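A quick write-up on the structure given underneath.
Read-outs throughout are calculated quantities, based only on the coordinates presented, and are distinct from any laboratory measurement. Everything numeric in this text was worked out from a predicted model, so none of it was measured. Here Cβ is always computed from backbone atoms with ideal geometry, including for glycine, and neighbour counts include all displayed protein chains.
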Amino acid sequence: MATILKPHSPSVLPSTSAPSGLAGFNFDDLSKQALARLEDCRCEVARMLEQAGVEADRIKRSAHTTGLAEGRDAAAKEAQEKLARAIDQRLGEHTSAVRSAVDQIADLHQRWMDQYAERLIEIAVSIAERILRERLDREPTILARWVKEALQESRSAQRLTVAVHPETLAELGGLLDELLATPGLPEETTLLPDESVPRTGVVVRQIGGAIDAGLQTQLDQLSSQLRLA
């Protein structure tokens, strides 16, 4: 005979029934904890965003400051470079000007020294001329000595003519004749008065040229030697 099972009434559930897995789990506490976590996360995010904003502002200010500093550095560097170029240019101009001035001074100094040297030579020759003229006035035989020296330089000539001023011939004719009679001179050696010859001059003429042994010639030779010294 079939058996009919009837559901038990809750009031008569066995006390030994197995407990459920949700037993002791409090949903309210879980919700509160979740909300607290969310709030903490929101606050943390807000704090991080705030810090990020602060950091962004700091970075902007730093970048701006750095940019200004770099700009100032770049401007200062450019100004220094411009100043250095300007200084170099000015120094170059001054150097050229100084070099030009030094060259001009050196040129002026050299010209002055040349003029000074020329003047000294003129003075020296003038003094020598005065001394020699005074000697010639006291010792007219000096002209005979110059004739003798000129004749010695012309010994190889075939014919000689000794030309002197007529006054010189009148004063030193005898002495000059003795010189022309010196052995070794050409047979055709004559003494000739010549008004074109200075009073202090002596000219020994030969074929192909002449030797001027007068005062002015010797002064010219002295002047040339002084210029070469």
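Placing R0 at 30 angstrom, the Cβ-Cβ distance between Ser156 and Leu228 gives a FRET efficiency of 0.60 after rounding to 0.05.
When each of the peptides 171-178, 110-117 is scored by how many other beta carbons lie within 10 Å of its residues on average, the order from highest to lowest is 171-178, 110-117.
Between Ala210 and Glu134, the FRET efficiency from the beta-carbon distance, with R0 = 22 Å, is close to 0.20.
The distance between label points at Leu108 and Asp177 comes to 6.6 nm (points 7 Å beyond Cα on the Cα→Cβ vector). The relative contact order of the range 119-222, computed from alpha carbon pairs under 8 Å that lie at least 6 residues apart in sequence, is 33 percent.
Provide the packing ranking of 125-134, 159-168, i.e. peptides ordered by the mean count of other C-beta atoms within 10 Å per residue, highest first. Can you show the working numbers first?
Values: 125-134: 12.7, 159-168: 19.8.
Result, highest mean first: 159-168, 125-134.
Annotation: the antiparallel percentage among DSSP beta bridges lying fully within the range 108-222 is about 60.
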